[in-house]
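S.K.: Mind having a look at this structure? Questions to follow.
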Amino acid sequence: MKKIIFVCTGNTCRSPMAEGLLKNKLMKINPNYINDYDISSAGISVNPMDKMPTEEAILALKELGIDISNHIPHQLLRVDIETADFVICMTKSHVEYIKMLFNHTDVSKIRTLRELVGDNKNDILDPYGHNYDTYRKCAGIISETLDIILGEGIL
């Protein structure tokens, strides 16, 4: 079983959207994907007051028929890194922070989402605090990137 964890800052926008999108895409490919993949998300700096994704993130995925409203933000832990096959971050700064914080782990499995498709220059920018359209665009970029990753069999 491949364990994939998406990482962003607060685990309320980008990483739960990526988690929901990948689960949805895999379900369409193979309804039994749950036997092959363990997909989750976490944040490097989760606010304990946050009990769910942002309303905008929920709505952006709801438009696509995906429900992430039950997601509870999770603080990234060493065990998450150690047990994952892929740690997929939204920005290069997330990658660097994780490498610094968890310096005894296998850092070769920690990459940005865009790096997985050969784009070493662009990050998935944080929509937090921006308008709904920004969330929709962010979800679109994540979705398109996941389509390439799945199409090329990277995961």
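The values are calculated or read from the model by the stated rules, or taken from the named source; none is laboratory data. Everything numeric here is computed off the predicted structure, so don't read it as measured data. Cβ atoms come from the backbone with ideal geometry, glycine included; neighbour counts cover every protein chain shown.
S.K.: Kindly evaluate Ala18 against the criterion of being assigned to a helix (DSSP H, G or I) and surrounded by 15 or more Cβ atoms within 10 Å (Cβ to Cβ).
M.R.: Yes: the conditions hold for Ala18.
S.K.: Still on this structure, I have one more. Out of (1) surrounded by fewer than 13 Cβ atoms within 10 Å (Cβ to Cβ); (2) of a type in the set (Ser, Thr, Tyr); (3) under 18 Å from Cys138 (Cα atoms), what's the single condition that is false for Ser108?
M.R.: In the conditions (1) surrounded by fewer than 13 Cβ atoms within 10 Å (Cβ to Cβ); (2) of a type in the set (Ser, Thr, Tyr); (3) under 18 Å from Cys138 (Cα atoms), Ser108 misses (3) alone.
S.K.: Could you tell me which of the residues Pro31, Pro48, Pro73 is in contact (Cβ under 8 Å) with a residue 12 or more places away in the chain and either of a type outside the set (S, T, N, Q) or within 21 Å of Thr145 (Cα to Cα) (or both)?
M.R.: Answer to the check: Pro73.
S.K.: Can you tell me which residues in the stretch 27-60 are under 13 Å from the mean Cα position of the chain (by Cα) and assigned to a helix (DSSP H, G or I)?
M.R.: The one that is under 13 Å from the mean Cα position of the chain (by Cα) and assigned to a helix (DSSP H, G or I): Ala57.
S.K.: Can I ask one more? May I ask you to list the residues in the stretch 36-53 that are of a type outside the set (D, E, K, R) and under 25 Å from Ile110 (Cβ atoms)?
M.R.: Once the filter is applied, which keeps residues that are of a type outside the set (D, E, K, R) and under 25 Å from Ile110 (Cβ atoms), the stretch 36-53 yields Tyr37, Ile39, Ser40, Ser41, Ala42, Gly43, Ile44, Ser45, Val46, Asn47, Pro48, Pro53.
S.K.: What do you reckon, is Arg114 buried (at least 21 other Cβ atoms within 10 Å of the Cβ) and of a type in the set (Lys, Arg)?
M.R.: So Arg114 passes the test.
S.K.: Also: Name the residues in the stretch 1-15 that are at pLDDT 95 or above and part of a loop (DSSP other than H, G, I, E, B), would you?
M.R.: Thr9, Gly10, Asn11, Thr12, Cys13 - these are the residues of the stretch 1-15 that are at pLDDT 95 or above and part of a loop (DSSP other than H, G, I, E, B).
S.K.: Got a number for residues in the stretch 41-56 being surrounded by 18 or more Cβ atoms within 10 Å (Cβ to Cβ) and within 11 Å of His71 (Cα to Cα)?
M.R.: 4
S.K.: To continue, here is another question. Please count how many residues of the stretch 61-91 are within 14 Å of the chain's Cα centre (by Cα) and of a type in the set (Gly, Ala, Ser).
M.R.: Total satisfying the criteria: 1.
S.K.: Given the conditions (1) of a type in the set (D, E, K, R); (2) farther than 18 Å from Asp126 by Cβ; (3) in contact with a His (Cβ under 8 Å, 6 or more places away or on another chain), report the number of the one that Asp38 does not fulfil.
M.R.: (3)
S.K.: Can you say whether Lys62 is more than 16 Å from Leu146 (Cβ to Cβ), surrounded by fewer than 20 Cβ atoms within 10 Å (Cβ to Cβ), at pLDDT 95 or above and not aliphatic (A, V, I, L, M), as far as the supplied structure shows?
M.R.: yes
S.K.: Have a look at Ile34, Ile5, Ile29 and point out the one that is within 15 Å of Leu155 (Cβ to Cβ) and crowded, with 23+ Cβ neighbours inside 10 Å. First the steps, then the outcome.
M.R.: Numbers: Ile34 fails: crowded, with 23+ Cβ neighbours inside 10 Å; Ile29 fails: crowded, with 23+ Cβ neighbours inside 10 Å.
Answer to the selection: Ile5.
S.K.: Okay, next question. Restricted to the stretch 120-139, and to residues that are over 13 Å from the mean Cα position of the chain (by Cα) and within 23 Å of Leu26 (Cα to Cα), which residue is surrounded by the fewest Cβ atoms within 10 Å (Cβ to Cβ)?
M.R.: Checking each candidate, the answer is Lys137.
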